[in-house]
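Before any comments, here is the structure.
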Amino acid sequence: MLVAFSTAFSQYFESGAEYCSYKKSNTPQLIDFLSPNSPKHSYDVLDYKLNLDIYNCFKSPYPKTFSGSNEIKFKVDSTLNNITLNAVNTSLAIDSVRLLGGALLTFTHTNNILTVNLDRTYVPGEIVRIKIYYRHIATSNDGAFYTYQGIVFTDCEPEGARKWFPCWDKPSDKATVDITVKVPSNVRLGSNGRLNDSTVIADTIYYHWISRDPVATYLVVLTGKVNYNMDIVYWHKISNPSDSIPIRFYFNTGESYQTAKNIILTMTTFYSELFGEHPFEKNGFTAIPPGAGFTWGGMENQTLTTLCSSCWTESIVSHEFAHQWFGDMVTCATWADIWINEGFASFIEAIWLERSGGYTAYKNKINSFASNYLSNNPGWAISDPSWAVNTPSTSVLFNYAITYCKGACVLHLLRYILGDTVFFNTIKSYALDTINFKYQSTTIGDFNVKVNQVTGSNYNWFFNAWIFQPNHPVYANTYNIANVGTNTWRVNFVAKQTQTNAGFFPMLLPIKISFSMGPDTLIKVMNNVNNQMYTFFFNRQPINVQFDPDNMIVLKTATLSVSTNEMSLEVPNDYRLYQNEPNPFNPVTIINFDLPVDEFVRLNVFDINGRLIKSLVNEYRQAGKYYVEFNADGLSSGLYFYRLETKNFADSKKMILVK
């Protein structure tokens, strides 16, 4: 039944992204997360050196308990005489802590926090090493460390590493790892980085894995199984074909991993060409057998991805393997930055399809993501800054419609705006930036800055609207066509957004105009304000207008109608600043103005003493009719003024806020 269940789900899910989301969003909340008042992080972990004895975990009755030690090397960032670590009380018992090679240290272990009192006060820049002796005491699978009939594996996202080793369990603090594990000699076991050595003594084998590259704690992994099957292929580096990287496949008897094996070398080359050469010493995949507790999808542990049983499909592998660049090499700094991981991996899943199926295959996948989002949108933004402090539930953090589908579509929109050459140059420059990003953690804002630097333009407007704002634009556009004489036709087009559950979404709009004779014309115009009008003149007769004919702006709904009032679409003949409506108001009102020519416009709000309250418009605008929303939330009742200024016009009006 379990095999049938897994197979049914592999057929039901349309993408690796959906598989990944279903698995992660259904992971139980691991612990009560730290509150905003928790002690600030005052040190930087450089290395975790784990020595674990999990020998008995592979023997009947397959206990969950084991003993181990964790040697932590950290750099002091602010003056301190103690450090705090995450260590879940119900999972870990701390036996002792000492300075490496030195004295025992006192500690407390309450409320899932291990506080270690150091032997003296340390100052910034000092390096400290401590060693913690502990036991894993959970008697059932605790949502991070699992045992089942001869298999042991870990699964930690978002914050489960603290259940099997004491650590500073936040993605912003990446560290190298050195892991030695004692297991029975018939066990194959994989972990992060390279296999430094394996030593067999009688019925015991000691695996020693070392990652030279920093790892976020949630990506630290152990997966071992009695009589695991293993195959290895070697990917030869583009930069040095005589050097190769092993890619390991750990699989269960009776399941086929050939699909993954057949594509992995080509996929590694393809991703390396797009995003920079494969960044790690090795890579690999492990399949967890049915019944062990890893039912759906995959988990992109650094250099050793975990897959569910028989989940060697192309879509899952393309998604999870993309994480080795975006998620593992470059890691989200906080859980508010999860788009850095899942949005990128989902988008790259579509890019992989484009490699063999062309742009149509890519766009079909993006359209599928968009359709799922539009049908299942729960109404929150891709990123909520509060998540950086208070980790949300896994059902929110890994929501398929938002984090995966909308996340991928936002990257598609950026590709559309920048064009392929600039877009892919930007992504590659981001991934290869060894000063700021490669092997480090990063925020969405950091990526925003990188986009601006590479392109030489300011795309803050894009990130502010499409990532940090919920929902999507609802267009109710209008147009008309007029014969203005002397063999000249005019097309007026008004871009209008009507959504009430979000603010305005700036976007590059594609408008297609068909003619009675000759080829169609596709025009792209920047829509940076609502009710923006565009006027086009032609010396041949237009007969039809289409908005976004190729559905490039996939995150939207839209209607387009012919205006019955041509004058409503005319460019104004003169300047005019209208009285705000409503007036009095509380707290939102609309300010309308007419602009007869293209020019720089300022629209500011002042209080009764002439102090600037808010700048509503401060930019170059095309001729047209405009309305601007003013939200006075946070202001006191009273009289206010708004003033419109251009090179050739200035006018002021008053408005009354009544609360």
Starting from the 7 Å offset along Cα-to-Cβ, what nm value, one decimal, do you get for the label separation of Asn551 and Ile590? 3.0 nm
Length gained when the stretch Ser563-Ser356 is fully extended (0.36 nm per residue, less Cα-Cα span): 70.1 nm
Once you measure Cβ to Cβ distances between cysteines in the chain, which Cys have no partner under 4.7 Å? Cys20, Cys57, Cys156, Cys167, Cys332, Cys405, Cys409
Using the per-residue mean of other Cβ atoms lying within 10 Å as a proxy for protection, in what order, highest first, do the peptides 471-477, 602-608, 581-587 fall? 471-477, 602-608, 581-587
Run through every distinct alpha carbon pair of the range 124-170 and return the Kirkwood hydrodynamic radius in angstroms, one decimal place. 12.6 Å
Flagged links, alpha-carbon separation over 21 Å, of Lys23/Lys450; Lys163/Lys261; Lys450/Lys524; Lys450/Lys614; Lys49/Lys163; Lys237/Lys365: Lys23/Lys450; Lys163/Lys261; Lys450/Lys524; Lys450/Lys614; Lys237/Lys365
For the range 337-396 and the range 96-146, write down the distance between their C-alpha centroids in whole Å. 38 Å
State, to one decimal in nm, how far the label point of Ser395 lies from the label point of Leu522, with both points 7 Å from Cα in the Cβ direction. 4.2 nm
Computed about the Cα centre, the charge dipole of the range 41-227 from +1 Lys/Arg and -1 Asp/Glu charges at the Cβ has a magnitude in debye, to the nearest 20, of 280 debye
Farthest towards the positive end of the dipole of the chain, among Val116, Ser15, Tyr48 and with Cβ unit charges of +1 on Lys and Arg and -1 on Asp and Glu, lies the Cα of Val116
Could you let me know the centre-to-centre spacing of the range 213-273 and the range 569-636, using Cα atoms, in angstrom? 59 Å
Could you work out [θ]222 nm for the chain from helices alone, using -39500 (n - 2.57) per DSSP H run of at least four and dividing by all its residues? Round to the nearest 500 deg cm²/dmol. -6500 deg cm²/dmol
Among Cys409, Cys311, what is the fewest-to-most ranking by other Cβ atoms within 10 Å? Cys409, Cys311
Taking the Cβ of Pro124 as the center, what net charge do the other residues with Cβ under 11 Å away carry, scoring Lys and Arg +1 and Asp and Glu -1? -2
To the nearest 20 debye, the range 576-657 has a Cα-centred charge dipole, built from +1 on Lys and Arg Cβ and -1 on Asp and Glu Cβ, of 180 debye
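Report the full-extension gain for the segment Asn487 to Ser78: residue separation times 0.36 nm, less the Cα-Cα distance, to one decimal in nm.
Going from the current span to full extension adds 139.7 nm.
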Angle between the chain longest axis and helix 339-376 axis [Cα atoms, degrees, rounded to 10]: 80 degrees
Using packing as a proxy for protection, rank 208-214, 483-489 so that the peptide with the highest average count of other Cβ atoms within 10 Å comes first. 208-214, 483-489
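Which of rounded, prolate or oblate describes the range 161-297 when judged by the alpha-carbon gyration tensor and an a/c cut-off of 1.5? Walk me through the numbers before you get to the answer.
Working: a/c = 1.45, a/b = 1.17, b/c = 1.24.
Judged from the Cα gyration tensor, the range 161-297 comes out rounded (a/c under 1.5).
Report the calculated FRET efficiency for Ile613 and Asp384 (r = Cβ-Cβ distance, R0 = 35 Å), to the nearest 0.05.
With a Förster radius of 35 Å, E is 0.80.
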Would you mind checking the radius of gyration and Dmax of the chain based on alpha-carbon positions, in Å? 29.2, 98
Taking the Cα-to-Cβ direction at Lys237 and at Lys428 and moving 7 Å from each Cα, how far apart do the two end points lie in nm? 1.8 nm
Hey, what angle do you get for helix 258-275 against the long axis of the chain, alpha-carbon based, 0 to 90 degrees rounded to 10? 50 degrees
From the Cα centre of the range 174-197 to that of the range 462-496, the distance in Å is 58 Å
Any idea what angle helix 16-25 forms with the longest principal axis of the chain, computed on alpha-carbon atoms, 0 to 90 degrees, nearest 10? 70 degrees
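Here, each number is a calculation from the coordinates, and none is a lab measurement. What you see is a predicted model, and the numbers here were worked out from it, not measured in a lab. In this analysis, Cβ positions are derived from the backbone assuming ideal geometry, glycine residues included, and neighbour counts consider all displayed protein chains.
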